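To keep things clear, I will list the structure first and then write my remarks on it.
The values are calculated or read from the model by the stated rules, or taken from the named source; none is laboratory data. No experiment lies behind these values; they were computed from the predicted model shown. Neighbour counts run over all protein chains shown; Cβ positions are idealised from the backbone, glycine included.
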Amino acid sequence: MLMSNRKIMPYLLIILFTCTSLVLFPWRSGETIEGLFPEVCLNQQLETRDPQPATSDSRDHKQPVRNYQPKIAVLPFANLSGQFGATDQVMADILGALKEEFSIVPERQVESVLAELRVRHTGFLTTGQINEIGKRLKVETILFGIIDTYRQKPLPQVSFFCNMVSTKKSAPVLWSKYFCAVGQEKLYLLQRENHTTWASIMKSVTEDLLRSLPKRKER
């Protein structure tokens, strides 16, 4: 009788364990193992899932598309107007306008190279000077010019000549033009519209400069 009880005991324990499990963890009809142990199954899915490669066009890290701007070195214009400070005033407006179309070499870097090459007059450059400036500044285009008229008061006047040249071996001229906002007729028309200020004169001239620049395919 004792031996029979020992043989039956394992089966009784199995039945008791099964009943206890059903009471503590009721198995609903149609329920899967994921329903009973969601956290365990979720971790297993994450471990077996193939990692997604990072994409460069993610919205959070999307880089804005920038238009290409050719690099150019703008030399300080030679001042032949006889007015002190003309170069600084005129160049400030010209550089501000050119930044819309070009990536401009910093002024300090340009001045450093001009000092090394001992270039004193930037209104007239030799082919050798142009080639060497282009080589040292790593640019293919240089803009330089001459200011021959400058006055802010009582009636603003300005005129200057621009040259855009290539730094290639023969230093060909890519573009050149003379800009002028001088004369009683021009100033009189502006005065009637209450725009006879230095800022309005330079705005008109620099807008004309940008419009007249050669297209990128022509440079």
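All of Leu117, Leu155, Leu143 fail the test of being in contact with a strand residue (DSSP E or B) (Cβ under 8 Å, 6 or more places away or on another chain) and not β-branched (Val, Ile, Thr), apart from Leu143. Within region 88-103, can you find the residues that are more than 20 Å from Ser204 (Cβ to Cβ) and crowded, with 18+ Cβ neighbours inside 10 Å? Residue satisfying the conditions is Phe102 alone.
Scanning region 141-170 for residues that are at pLDDT below 95, hydrophobic (A, V, I, L, M, F, W, C) and farther than 16 Å from Ile94 by Cα yields a single hit, Leu155.
Residue-wise test of (1) charged (D, E, K, R); (2) touching a helix residue (DSSP H, G or I) at 6+ places or on another chain (Cβ under 9 Å); (3) under 19 Å from Cys162 (Cβ atoms).
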site: Asn79; (1), (2), (3): no, yes, yes
site: Gly82; (1), (2), (3): no, no, no
site: Thr87; (1), (2), (3): no, no, yes
site: Glu100; (1), (2), (3): yes, yes, yes
site: Ile104; (1), (2), (3): no, yes, yes
site: Glu107; (1), (2), (3): yes, yes, yes
site: Val119; (1), (2), (3): no, yes, yes
site: Glu132; (1), (2), (3): yes, yes, no
site: Thr141; (1), (2), (3): no, yes, yes
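Taking the criterion of being surrounded by fewer than 11 Cβ atoms within 10 Å (Cβ to Cβ) and in a helix (DSSP H, G or I), the only residue of region 197-215 that qualifies is Arg211. When you scan region 140-180, how many residues do you find that are under 27 Å from the mean Cα position of the chain (by Cα), over 20 Å from His121 (Cα atoms) and in contact (Cβ under 8 Å) with a residue 60 or more places away in the chain? Qualifying residue count for the region: 1.
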